[in-house]
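Working notes for the structure below.
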Amino acid sequence: MSDSKNDDENANIGVGRIVVLDGLQSAAGKKINGKYAMVLSSEETDDGRWECKVLHRDKTVGIKINFMKSVPQTEEDTPHPDYMEMCMYKMSLMGLTVRETQERTIGKFRHGRGICYSDESVFHRAKKLVQLLDYPDEDHTPPQTVMLGMSDLFYSSLAIHEAKFQTGCSMYDLEHMAACVSLAGMAQGHPQSNCPSPAEACECILFALMGAAPRSIETLLGFLVMTPYIGNKSDYDESLFRRSRENPALTHAQDNAAYIDVMKGPIGLLCFLMCHLKKECSLALFKYMEQHFQELFPLMIRRLFTILARESAGTADGKALGRYSRNILARICDFRESSFIQRFPFPLYYYLCECESFEYKPEAQQLLMEDRSITRLDQVEEVMMCLVEPDIAFAFWDEAGN
């Protein structure tokens, strides 16, 4: 391989990159040729190796760039079924059991975007569901799909289908929603996901997400940050739910059952990934998020702390989603390489993340907006000081060196 090609490849190598290993000559290396691997290190070692996590292998390995091949974004070139044809096909399946549907869905419908069933491999299912996290832009318009298989199974269980709820969702928002709740079901080890273990499912999901990055990660973060309106039509205020990929901003918090149900998808997915992935893999995910999404990553942190603040105020969404947010934040605290995270008082955060729940503190109310959300990140420390007893808070504050 020429030096110029090496330089080009090195420029594209970084944390989170998914590659296929090829050409390894040692006895151990030959066993992992053809396997997917994710780059974990920020830079190569002195002998030119990059720390990698090989899919379905416990130990990390050092791999030289010569033995890495790029993974194409689209590995299958199967035409997507026509949307109306898919609608008619789904109607023909009404009344069948999941197993009967699974057995009947053959041919091109098995290869449609986002369509998978529990009899397929965990990694294949994860990759197919991640396809639903794509979005249209001026250069690319993914074909719309009809929920079939696993995406339909989890999406159909959401409370948004109740007549009393209205949403401000586009068709692509619904696809993103279905992907998040389905992947969260796999990561949690939901019985209907038919996954051998949450740990295996989470590793497959991580590789699938990073294999489709940056679009998949942008969609996941974007759905957390710019969540569409989900609730009663009479309560809808368009000014609170303006969404723009060019100028992302946190949308209004909501506390109805349908919103909580939907948000358990993206927040639950991140939480289960953090709980079941090896530490080096979860940190690699955070590194990738911060490096590539410098606007969305801080907004995601703000969303998580807003949920904690709302938990302290006793809102329904805060009580339902608080434990997920605290688990994610506990893992983020390990991300010491982040200049953004270094601002936080870690011992106090660990204490809060280990709490079963928060008690309402009137002092915290004064620091929150009317919807119980945090207005600025620099208020986080003040809010947290009000969420625990003063003597405990100041003890942790002193330990953190503040």
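Within the stretch 95-118, residues that are without any contact (Cβ under 8 Å) to a residue 40 or more places away in the chain and of a type in the set (Phe, Trp, Tyr) sit with their Cβ atoms under 7 Å from residues that are open to solvent by less than 50 Å² (accessible area, probe 1.4 Å) and in a strand (DSSP E or B), at 6+ positions apart or across chains, in these pairs: Tyr117/Gly149. When the stretch 148-172 is filtered for residues that are part of a helix (DSSP H, G or I), surrounded by fewer than 21 Cβ atoms within 10 Å (Cβ to Cβ) and either acidic (Asp, Glu) or under 18 Å from the mean Cα position of the chain (by Cα) (or both), the ones remaining, listed by number, are Asp152, Tyr172. For the stretch 200-292, the helices (runs of 4 or more DSSP H) that sit wholly inside it and include 3 or more residues that are under 19 Å from Ser325 (Cα atoms) and out of contact with any strand residue (DSSP E or B) (no Cβ under 9 Å at 6 or more places or on another chain) are 215-225, 266-276, 279-292.
Can you confirm whether Lys279 is modelled with pLDDT of 90 or more, open to solvent by 60 Å² or more (accessible area, probe 1.4 Å) and of a type outside the set (S, T, N, Q)? The answer is no for Lys279.
Each row is one residue, and each column tells you yes or no for (1) touching a residue at least 24 places away in the same chain (Cβ under 8 Å); (2) within 30 Å of Val39 (Cα to Cα); (3) surrounded by fewer than 16 Cβ atoms within 10 Å (Cβ to Cβ).
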| position | (1), (2), (3) |
| --- | --- |
| Gly222 | yes, yes, no |
| Met226 | yes, yes, no |
| Tyr229 | yes, no, no |
| Asp235 | no, no, yes |
| Leu250 | yes, no, no |
| Ala253 | yes, no, no |
| Gly268 | yes, yes, no |
| Cys275 | yes, yes, no |
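Note on the stretch 114-147: residues that are assigned to a helix (DSSP H, G or I) and open to solvent by 40 Å² or more (accessible area, probe 1.4 Å) amount to 3. Is it true that Ile32 is among the β-branched types (Val, Ile, Thr), over 30 Å from His140 (Cα atoms), assigned to a loop (DSSP other than H, G, I, E, B) and modelled with pLDDT of 90 or more? Yes: the conditions hold for Ile32.
Restricting the first member to the stretch 313-327 and to residues that are farther than 13 Å from Ile260 by Cβ, and the second to residues that are assigned to a helix (DSSP H, G or I) and of a type outside the set (A, V, I, L, M, F, W, C), the beta-carbon pairs closer than 8 Å and six or more apart or on different chains are Ala313/Gln365; Arg326/Glu354. Taken over the stretch 265-302, the criterion of being within 26 Å of Ala178 (Cβ to Cβ) and among the aliphatic types (A, V, I, L, M) is satisfied by Ile267, Leu269, Leu270, Leu273, Met274, Leu277, Leu285, Met289, Leu296, Leu299, Met300, Ile301.
The values are calculated or read from the model by the stated rules, or taken from the named source; none is laboratory data. Worth saying up front: this structure is predicted, and the values here are computed from it rather than measured. Glycine also receives a Cβ, built like all others from the backbone with ideal geometry; neighbour counts cover every protein chain displayed. We work out accessible area using only protein heavy atoms, side chains counted, and drop any ligands, DNA or RNA first. Shrake-Rupley method; radii C 1.70, N 1.55, O 1.52, S 1.80 Å.
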